[in-house]
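Enquirer: Below is a structure I'd like to ask you about.
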Amino acid sequence: MKKKGDAKAHPAAQAAAGAGEMMKKVLTVGLGSVFLSDEGLRGLMSDIKLPKELLGGILDSANKTKNEFLQGLSQDIINRVSEKMDPVSFLQEFLSRNEVELKINISVKQRKPGSDKIGE
């Protein structure tokens, strides 16, 4: 006799449990896409059996979302800092109070005879 709470007894319960696990993985991938590299995402997605084309589409979408998120975040930070202070007047004040010293060292070396490539 099958028990009421037994997932094997109810195919709908199995499907719901599988859907719950899939949603956990999708949310993890969604949040991970902001903070993980492509390789990190591929490793995370390796548990989910998907066709390569679909996986590529998900990774492309994740990269686009990550780029949009980071661009929006950086723009928001710049706007908030600009609201609190004027960068031009800050730089003028900084330069008026401080001496800036810039040192540049450039060396030019002759190529070895018979060398066609730069850096050889």
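Enquirer: Answer with yes or no whether Ser61 is assigned to a helix (DSSP H, G or I), without any contact (Cβ under 8 Å) to a residue 40 or more places away in the chain, over 30 Å from Glu39 (Cα atoms) and among the hydroxyl-bearing types (Ser, Thr, Tyr).
Expert: Answer is no for this residue.
Enquirer: Follow-up. Looking at this structure, is Ser61 under 30 Å from Gly40 (Cα atoms) and either in contact with a helix residue (DSSP H, G or I) (Cβ under 6 Å, 6 or more places away or on another chain) or surrounded by 10 or more Cβ atoms within 10 Å (Cβ to Cβ) (or both)?
Expert: Numbers: under 30 Å from Gly40 (Cα atoms): yes; either in contact with a helix residue (DSSP H, G or I) (Cβ under 6 Å, 6 or more places away or on another chain) or surrounded by 10 or more Cβ atoms within 10 Å (Cβ to Cβ) (or both): yes.
Here the answer is yes, as Ser61 does meet what is asked.
Enquirer: As an exercise: evaluate Lys52 against (1) under 29 Å from Glu21 (Cβ atoms); (2) exposed (fewer than 10 other Cβ atoms within 10 Å of the Cβ); (3) at pLDDT 85 or above and give the number of the one condition it does not meet.
Expert: (3)
Enquirer: Have a look at Asn79, Asn105 and point out the one that is part of a loop (DSSP other than H, G, I, E, B), at pLDDT 80 or above and over 18 Å from the mean Cα position of the chain (by Cα).
Expert: Result: Asn105 is the single residue among Asn79, Asn105 that is part of a loop (DSSP other than H, G, I, E, B), at pLDDT 80 or above and over 18 Å from the mean Cα position of the chain (by Cα).
Enquirer: Further, regarding this structure: Got at least one residue in region 24-31 being small (Gly, Ala, Ser), under 13 Å from the mean Cα position of the chain (by Cα) and either at pLDDT below 70 or in a loop (DSSP other than H, G, I, E, B) (or both)? Reasoning before the result, please.
Expert: So the first thing to find is which residues in region 24-31 are small (Gly, Ala, Ser), and the list is 30.
Next, from what is left, pick out any that are under 13 Å from the mean Cα position of the chain (by Cα): 30.
Narrowing the set further to residues that are either at pLDDT below 70 or in a loop (DSSP other than H, G, I, E, B) (or both) leaves 30.
Yes, because at least one residue in region 24-31 is small (Gly, Ala, Ser), under 13 Å from the mean Cα position of the chain (by Cα) and either at pLDDT below 70 or in a loop (DSSP other than H, G, I, E, B) (or both).
Enquirer: Within region 82-102, restricting attention to residues that are more than 29 Å from the chain's Cα centre (by Cα) and among the hydroxyl-bearing types (Ser, Thr, Tyr), which residue is surrounded by the most Cβ atoms within 10 Å (Cβ to Cβ)? Write out each step before concluding.
Expert: Initially, region 82-102 is screened for residues more than 29 Å from the chain's Cα centre (by Cα), giving 85-86, 88-102.
From what's left, among the hydroxyl-bearing types (Ser, Thr, Tyr): 89, 96.
Working: Ser89: 9, Ser96: 7.
The residue in question is Ser89.
The values are calculated or read from the model by the stated rules, or taken from the named source; none is laboratory data. Source: prediction; values computed, not measured. Every residue, glycine as well, gets a Cβ built from its backbone with ideal geometry; the counts of neighbours run over all protein chains shown.
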